[in-house]
Amino acid sequence: MKQDFPKLGIKSLCRLFGRTRHAYYDHQWRVQDQGLKDEIVLQHVLNIRKKQNKIGTLKLHFMLQKPLEQHGMKIGRDYLFELMREHGLHIR
């Protein structure tokens, strides 16, 4: 929305939608953090797939637990399935 109306401030745009400026920036931070988390997971998946290119998602989920713990992250099976599907890494 800010791209469409560059002269309006964030505060004015947020007021139009009944949100606070903090909610706007909080959303921006969450989106940025989620993208970073996805990137870390995908890098580990690609490293594993270099060695074993036909490994399934369930085994990948198991193999990713220790490397992701080093980053202080935990992911669920369904999250991994969805991420793999979004990036075309899901094996049929």
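The values are calculated or read from the model by the stated rules, or taken from the named source; none is laboratory data. Remember, it's a predicted structure, so these values are computed and weren't measured experimentally. Note: ideal-geometry Cβ built from the backbone for every residue, glycine included; neighbour counts use all protein chains shown. The area values use the complete protein model at the heavy-atom level, side chains included, leaving out ligands, DNA and RNA. Shrake-Rupley method; radii C 1.70, N 1.55, O 1.52, S 1.80 Å.
Using a 1.4 Å probe on the protein chains only, how many percent of the accessible area of the chain belongs to carbon and sulfur?
The value for the chain is 54 percent carbon and sulfur by accessible area.
Would you kindly calculate the mean projected area, averaged across all directions, of the convex hull enclosing the Cα atoms of the chain, in square nanometres?
8.1
Between beta-carbons, use under 14 Å as the cut-off and find the net charge around residue 42, counting Lys and Arg +1, Asp and Glu -1.
Computed value for this residue: 0.
Considering Cα pairs under 8 angstrom that are at least six residues apart, work out the relative contact order of the chain and quote it in whole percent.
The value is 19 percent.
Running a GNM on the chain with Cα contacts under 10 Å, which residue among 13, 36, 58 ends up with the highest mean-square fluctuation?
13
Counting helices only, and only those DSSP H runs with n ≥ 4, report the 222 nm mean residue ellipticity of the chain as the sum of -39,500 (n - 2.57) divided by its residues, in deg cm²/dmol to the nearest 500. Could the numbers behind the result be given before it?
Values: 4 runs with 62 residues, N = 92.
Per the formula, -22000 deg cm²/dmol.
Under a 1.4 Å probe, what is the accessible area of region 10-87 per residue, stated in Å²?
77
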